[in-house]
Structures are given as structure tokens and as C-alpha cells.
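Any read-out appearing in this document is the output of simple, stated calculations on the displayed coordinates, not a laboratory observation. As the structure is a prediction and not an experimental result, all values here were calculated from the model. Neighbour counts are summed over all protein chains in view; Cβ atoms, including those assigned to glycine, are modelled from backbone coordinates with ideal geometry.
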Amino acid sequence: MTLILAAVCGRYAFHASDRLTTTNVSRRFPSGEFDPHSNKTVIVCGPESWLAIGYTGIAFLDGRPTDQLIAEAVTGISDLSSGGIGSWFPHGLHYREIRDRIERAMAAAYAKLTPKERKMQTTVLAAGVQRKGHGIKHVMFRVIVDDTGHAAFEILPNAFFRREFPGGPYRLPASYVARAGTCFTAIAQSSFSAITDYMQTREATPEGFRDLLMDEVSATGAVSDKVGRDVMGVIIDAAKQKVNVHYRLAEHTKHASILARVHKRLGKDLVKNLHGNTDGVPSPYMLAPNGMRFGPSVGTGGWDCDGFDYNITGLPERERQPGELTGLFFSSQPRKDEYGRYR
């Protein structure tokens, strides 16, 4: 299970989630965590549609991690298990087609499960913007699949916010922030009050709004073993061709083992140049508007490519050492197969 939050405001779309994937406690999985290298987010940036997509539910479907299945559905590429950097064809891809592709892929994967497995619901939640004429339109949708079938729903906020940050007052409807997964009413209500108060101020910023969403995930993780303590937030600014992925890392005890496994995968010649990212925390799938795709990877803080600015923040930084290179992007991230073995 997990907690996914999605929101839209101004020209921005937002996403916040934890990174924990769980399974039954066993000798192979003594802590109940399935794969510490997991992510539950796919970012899609096409010429027309920009979306942050997250899921909660079954973490492994049709022989692959669920975030990989979602990325394959969006791109139309049948196998992204090798990760790496490649291409996709986003031209003219409308958000409703993205939604429908995900629904079809999830339904097909569930058809291969046992009746008992299908009783566990998986929900995909997305927020973003769709270009419409010379402007942008907020879009949000939810896809649900379980043993009763599958369905996709549009989530339309009560108002479309055109004002920029800063500059309250805003009047936020309850549907402004959508949630999926492990949600506690008291925490959600407290979060909504904090967001409402914050957005009445003229000091409100997209980063501050994102942080409040991440606060709700952190607070939920503090009282539930189904929600992880490591939190990721996303800001999509399609108008400026920018995406920010921000990490709030709390589970420091497991980061050393994550980094050691990444180092083994990279090899010592590349490890000596690994600057800036000292935890090996994987980035989400990124489908860029220039037709490039990037699998979960170890990076140094993002990049600027063909006018598209992808920025990763919140990772531990250390001082650059003499001889180290900057701007590196290591497209290498160990992921487990359905039996819990690293590929």
C-alpha cells in the first residue's frame, strides 16, 4: 500500500508519494519491504500532455514492476526492463489516450492474476495539464482495477486556478487535492487546513505547496507501516518546460545498502565519478517531450535537454572532489523480479 497525492493549481500540477513497496513478511522479506529500489511514479511530458502518474496497490503485475508496466503502456514499448535511455513517440498523445492505455494494460495484467490476487485493488492517480489552443487545462484522472472489473474516472476540480504564485487569497475546494491509498481522515483534514491557510498568504510558492503535500505523506508514514518514510514530490510546470523532482529522505539506515548495490552495478570506473548523489535513490521513469525516455536511474541532479529542464533536488550533496565530472547521468538501477531476485 502507499499514499499518493495529486493536485493542480495555477499553471502547475503536483504529485507526492512515498516509495515503499511491501509484501508478506517471510524469510526472504523479513522486513516486509519488497524492493528498496522501487518507485511508484511515472512522469510523462509530451508536446500536448504533461502528467505525474502514481499508483497504489499491487507492486508487481504481469511479471514486471507496476511503474514499468505503466511506462510501457504509455510509450507503447513492450519491454522497458533493461532501463536505460531510449526514445518514444509522444507527438499528439492526448491525456485521455494515456489514461485509456493505462486502463487497458492494468485490466490485461489483472486478467492473469488468480481470483484471490484480483481482490486486491490497484489505483492509478494522475494530475497534469493538457494544452488547449494557446492555453493549458488542468487534468486529473483515476484508474481503478480489481476483481469487480476496471474503470477510469475524470477528476475535475471545482475551479480552475489561473492565478500565479504568489498572490492569495485562493479558495480551495475539497476536491483540489486528490488522494489514493492509505489515508487517515484526521491527517488529511489537518493537511487541507494547512494548505488553505498557506494559500491565503502572498508568500505562497509552488515549492511551499509541494512541501505541504509531502508533509501529509510523512505524517501518514509516521503512524502507518504501509506508507514509507522516504517521500518524493513533483512539480510540473509545462508552460516553462520544467519538472522538479524533490526527495525527502528519512530511512537513512537502508540507503547505504542501496548505494552499495548501485556501485556494484556501475563498476568502480564509473563509481569514482559519481558526484552529488550519495544515496543511490532512483529517479522515476521520465518520458521527455523531445522523445527521449529515461528509466529509473542514478543521476546528479537532473539535466537541461532541448529546452526541457528536469531538476532533481533533496538528495544529499557532498563537495565536488578534484577530477570528478559533473552532469553525469547513470542509467543503471537494480530492480527485483517477481521472485524477489535482482535482475
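Based on the mean of other beta carbon atoms within 10 Å per residue, what is the order of 37-49, 8-20, most packed first?
8-20, 37-49
So, counting K/R as plus one and D/E as minus one, what does the shell of residues with Cβ under 11 Å around A238 add up to?
+3
Checking the table K132/K240; K40/K240; K40/K137; K119/K226; K40/K116 against a 20 Å threshold on Cα-Cα, which pairs fail?
K40/K240; K40/K137; K40/K116
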